[in-house]
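**Student:** The structure follows.
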Amino acid sequence: MNENKRPETMERITTPELAQAFIDQEVQAVRDQVKDGKVLLALSGGVDSSVVAALLIKAIGRNLVCVHVNHGFLRKGEPEQVIQVFQKELGANLIYVDASDRFIDKVANVSDPEQKRHIIGEEFIKVFDEEAQKLSGIHFLGQGTIYPDILESEKGIKAHHNVGGLPSNMDMELVEPVKLLYKDEVRVVGKQLGLPESMVERQPFPGPGLAVRTPGAITRDRLEAVRESDAILREEFAKAGLAGKVWQYFTIVPDFRTTGIVNGERSFAWPAVIRAVNTRDAMTATIEEVPYEVLRKITERITHEVPGVNRVLFDLTPKPTGTIEWE
Ligand code: XMP
């Protein structure tokens, strides 16, 4: 039997009961696989790695070692939530690495988008690898691979590698408990494992994070403007009941300034751009028609609360011609 193929008889996990049956089965399967061995897991805080972490904690407790690398391009409150949920509430064996300075320094003068992505990806593997080398006697690597990843890899659409590859010099066996599940099933399982709604229903977030929403060469102040404006956007979308409805929404702070007036004085500052899109598979996307009143409120808050921003724009471009992210 091909263990990377979902059996045709496998029922779609849509209810808490089916999720619980899946959890019980996988907890046993993981225990049978790793016995009293240790499993290393890169925990990004995204849906897939979070659900795998919660499942593995249930199966093997502190024999799971989670590493959460903060590359400095995470959204406001994200590292704090990972620490709160996994370390404080679920009692995980969690190593938190704040590598933000290191990443920001690495991309400081890089304006080419592809080069930026490449540097961040490489540095991520390096940091994770360094942490892995400090630990000894770990023979298993947990991964949040899900079924669409396997299907896309098989069709040659995308080469999926969740961490970027196995840590070098380490011969590790993979533990991938949700690899036969679709995303909606992963969410049902996550809820059944007791993960908070905000984690399980999270919108997609690119690996290089806010770095691709700070176009051009990143500076700390412009990165903070992206982080703060994004937090305001998320807050206001939640208040307006749009959070569960819109597929992906975020802000971008481009690298140019325009004249304005702030507190009665001339300002020369960046715009923040709102992007809010709907899609089925991220290959094409349409624009959410956000009510004007919500946009007005967001504009007022961003221009008054975010240092360095004096103007708010709305990106009307569907995909194609624009990609969802700006870089
Ligand atoms: P684009 O910009 O290509 O984005 O239209 C399509 C979807 O993919 C997300 N995205 C990424 N996800 N790593 C990821 O895991 C990445 O490097 C990455 N780049 C873009 C993007 O947020 C959108 O949902």
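The values are calculated or read from the model by the stated rules, or taken from the named source; none is laboratory data. Being a predicted model, the structure only gives us computed values, none of them experimental. Every residue, glycine as well, gets a Cβ built from its backbone with ideal geometry; the counts of neighbours run over all protein chains shown.
**Student:** Please identify the pairs in which a residue from region 75-93 that is at positive phi has its Cβ atom under 9 Å from the Cβ atom of a residue that is at pLDDT 95 or above, counting only partners at least 6 apart or on another chain.
**Tutor:** Taking only residues 6 or more apart or on different chains, the pairs are Gly77/Ala231; Gly91/Ile57; Gly91/Gly61; Gly91/Arg62.
**Student:** Might you check whether a residue that is outside the structural domain of Ser100 (by TED's automatic domain parsing) and either among the acidic types (Asp, Glu) or farther than 29 Å from Arg296 by Cβ (or both) occurs anywhere in region 180-187?
**Tutor:** No, region 180-187 contains no residue that is outside the structural domain of Ser100 (by TED's automatic domain parsing) and either among the acidic types (Asp, Glu) or farther than 29 Å from Arg296 by Cβ (or both).
**Student:** Then there is this: Can you tell me which of (1) touching a helix residue (DSSP H, G or I) at 6+ places or on another chain (Cβ under 8 Å); (2) more than 16 Å from the ligand (Cβ to nearest atom); (3) charged (D, E, K, R) is the one Glu201 doesn't meet?
**Tutor:** So the condition that Glu201 fails would be (2).
**Student:** Something else about it: (1) within 16 Å of the ligand (Cβ to nearest atom); (2) touching a residue at least 40 places away in the same chain (Cβ under 8 Å): which one isn't true of Ala217, the others all being true?
**Tutor:** Condition not satisfied by Ala217: (1).
**Student:** In region 302-327, which residues are under 23 Å from the mean Cα position of the chain (by Cα), more than 9 Å from the ligand (Cβ to nearest atom) and acidic (Asp, Glu)?
**Tutor:** If the condition is that a residue be under 23 Å from the mean Cα position of the chain (by Cα), more than 9 Å from the ligand (Cβ to nearest atom) and acidic (Asp, Glu), then Asp315 is the only one that fits.
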